[in-house]
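Every read-out reported here was derived from the displayed coordinates using simple, explicitly stated rules and does not represent laboratory data. Fair warning: this is a prediction, and the values are worked out from it, not measured in the lab. With ideal geometry, Cβ positions are generated from the backbone for all residues, glycine too; neighbour counts draw on all protein chains shown.
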Amino acid sequence: MTMAKRFCELQAHAPPNISGWPWLRAFRQQAQRAFAAQELPTLRQENWKYTNIRSLSETAFSDAPPPGAAELAQAENVQQTQALSLPGYRLTFIAGHFQPQLSQLETLSGAARLLPLKQAFEQEQALVENYLGSAMEYPGQPFAALNSARLEDGVLLYLPANCQLSQPIHCLFYTPSGPHSHVSYPRLLLMLEPGAQAQLIEEYLGDPVPPENAAAQFTCPLSEIILAHDAHLLHGKVLREGPQGHHIAGIHVSQAEQSHLHSISITLGGGICRNDLQVKLHARGAQVRLDGLYMLAGRQHLDNHLRIDHLQAGCRSEVLYKGIIDDRARGVFNGLAVVHPQAQQSDARQINKNLLLSENAEIDTKPELQIDADDVKCSHGATVGQLDKDALFYLGSRGMDQPTARALLTTAFALETLNPLSQGPLREQLAALTGTTLTRQAGGKPPATTSHS
Amino acid sequence: MLSIRNLGVRIDNKLILQGINLEVAAGEVHAIMGPNGSGKSTLAQTLAGHPDYQVSQGQVLYQGQDLLSLNVEQRAAAGIFLAFQYPVEIPGVSNIQFLKSALNCQRKQRGEPELDALDFITDVKQKMRQMQIDEALLYRGTNEGFSGGEKKSNEILQLLVLQPQLAILDETDSGLDIDALKRVAAGVNAFRSPERALILVTHYQRLLQYLVPDRVHVLQNGRIIRSGGAELALELEQQGYTTDTPSEDAPTQKREVPDDNG
């Protein structure tokens, strides 16, 4: 049964506790129509040219049931041993289901809200109804429509004017492996009013070494981020699904005047993975910095699709994505900066750099600029290469053995993407995670993987 | 310490060195001079173990062992150090991390324990003061954005920290102003001892005013065409390489009685 068919069938019995609200039912039905109006993407579409999701669309995924005791224990273990350990707030989900006992939440003061989305449907209906779907568009985004049609739970963050959270918010989404193929559709809705500030990290974790009979899992999250005047958000995403964990995600951002977004996206593991990051700079002085790091091994496939729209004058965007690709893994980078006619004095920079560590590794990189204004500063570039031979010889001539020299150079290459992060637990832990992943790659022990071609 | 016998080296199938003979004893300083393209840097890179240089003939013995059978990091651990003509920039690997990693890799190869972190940093900082290198450079990417003088001083800092037996300095004097040249020379002089040897590869005589060689060899077209004492460098400075005529005092010279210049 195909994903599209399965999806339509499941619509017949939408969860009753949600279908009760006419506005939400209407929202989901509209999304369903938008999804049904689009074909699932194929390689014939330019935007999906390098990412084949046929095996996904031919798998019958059913909605993930709430976790049993075994999954709960496993999640607790994963949270303690694998997940980032950050101070502050934490919301933990197992296969899309919120787990209060694994979370750390406290009521925020005043009008600020941080709570599971399902709870927000009841308690903060006006907020949700007002903002849900406001930072996204369905055309060309079938998985955003799919998420919208199927959303059940996730995260709501609302910060009123000048509310500044000093502690990060850690959203952990754990997908247990098992003999059945399940799908979940986490939805994050983040709204920062003028002058508000926050840090939010989405972390997607699977079992790094799943059991032999593990079936494919699918996570299809969507994050909507709305930044008002002078709001500042640090948004992190760490993707470490297991080899059977497929992941097609959207992050859609709408930015007002003088707002700042710093996004850091780190992908270390997964099956077929895709991140669609769409940023709209709506007003003068909006700034976005998108940093990304991907380290792929085995037969992983990662497609990073970025699009930044400079809609008004005086906005700035900066992109630095770096990849280290080993074994038979394949990376795709497609970054498009669109400078609209009225967006004079735009500053748009884009760089994608890649290291290929094996002959069978592949990267398809395409940084693009589309400029319809004349007074702009834009640049883009991409590199693909191996480790610098002169540097390897230099390190060797000082006594470093090849594995040490290679590890040092690869780590240095990778860590450049973390430089804009200020010192603190997040940066330390991302650096440590990067180091561990590289050591594992250098040791020739990538996680067990299976073919998905 | 080092015995080079009839060494021939190719790169990209082009013969660069055509039968080099050279004997360097512990405690000695040898200068290798010659015009551009004579093969000086090829000799330096070959001794350090650059994989692109193919040895087509001959033999190199270092402390009695077959040097050419060792790879680059084994040679470093055995005590060979090449100060690069163009030190490589390594962004993202801080100078301190570089030094520590290099030293500990060498110690590991020699079966020695890792150095205590505090002892190490104290030693490095003392040597930086000696070389008048700004301490801030410790935490910058290795050679990244360093000036020409800083890069060369940094090579000598590595020499002082790593404490090799045989140092080969490839055009370490090029691009240095007189103050930097004096600092570099002082650093190298501090390295000298009766147990250690130095090979200076250079175009010019001026470094040799501060680092007086025991022997000077003239390399041309991949062969040593003349050898002599320190005075030969002065003569070359005045007359240039082209006016030289091969003397009988060439090409193989073995020092029978090394000077004691420790």
*asked:* Between B:49, B:79, which is at positive phi, within 18 Å of the chain's Cα centre (by Cα) and more than 8 Å from chain A (Cβ to nearest Cβ)?
replied: B:79
*asked:* So, in segment B:95-130, how many residues would count as being under 21 Å from residue B:154 (Cβ atoms), without any contact (Cβ under 8 Å) to a residue 40 or more places away in the chain and either touching a Phe, Trp or Tyr at 6+ places or on another chain (Cβ under 8 Å) or outside any helix (DSSP H, G or I) (or both)?
replied: 2
*In segment A:61-76, how many are out of contact with any helix residue (DSSP H, G or I) (no Cβ under 7 Å at 6 or more places or on another chain) and in a helix (DSSP H, G or I)?*
6
*When only residues in segment A:379-417 that are facing chain B (nearest Cβ under 7 Å), hydrophobic (A, V, I, L, M, F, W, C) and more than 34 Å from the chain's Cα centre (by Cα) count, which is farthest from residue B:77 (Cα to Cα)?*
A:393
*asked:* Just the residues that are buried (at least 19 other Cβ atoms within 10 Å of the Cβ) and assigned to a loop (DSSP other than H, G, I, E, B), please, taken from segment A:341-377.
replied: A:343, A:357, A:361
*Could you please find all residues in segment B:55-73 being at the interface with another protein chain (Cβ under 9 Å from one of its Cβ atoms) and either surrounded by fewer than 18 Cβ atoms within 10 Å (Cβ to Cβ) or in a strand (DSSP E or B) (or both)?*
B:71
_The lone exception for residue A:427 - which of (1) assigned to a helix (DSSP H, G or I); (2) of a type outside the set (Asp, Glu); (3) under 30 Å from residue A:368 (Cα atoms); (4) within 12 Å of chain B (Cβ to nearest Cβ) it fails_ = (4)
*Collect the residues in segment A:379-424 that are in a strand (DSSP E or B) and closer than 26 Å to residue B:51 by Cα, keeping them in residue-number order.*
A:383, A:384, A:385
*What about residue B:38, is it hydroxyl-bearing (Ser, Thr, Tyr), more than 14 Å from every other protein chain (Cβ to nearest Cβ) and either outside any helix (DSSP H, G or I) or more than 17 Å from the chain's Cα centre (by Cα) (or both)?*
yes
*asked:* Just the residues that are assigned to a strand (DSSP E or B) and touching a residue at least 60 places away in the same chain (Cβ under 8 Å), please, taken from segment A:257-279.
replied: A:262, A:264, A:266, A:268, A:269, A:272, A:274, A:276, A:278
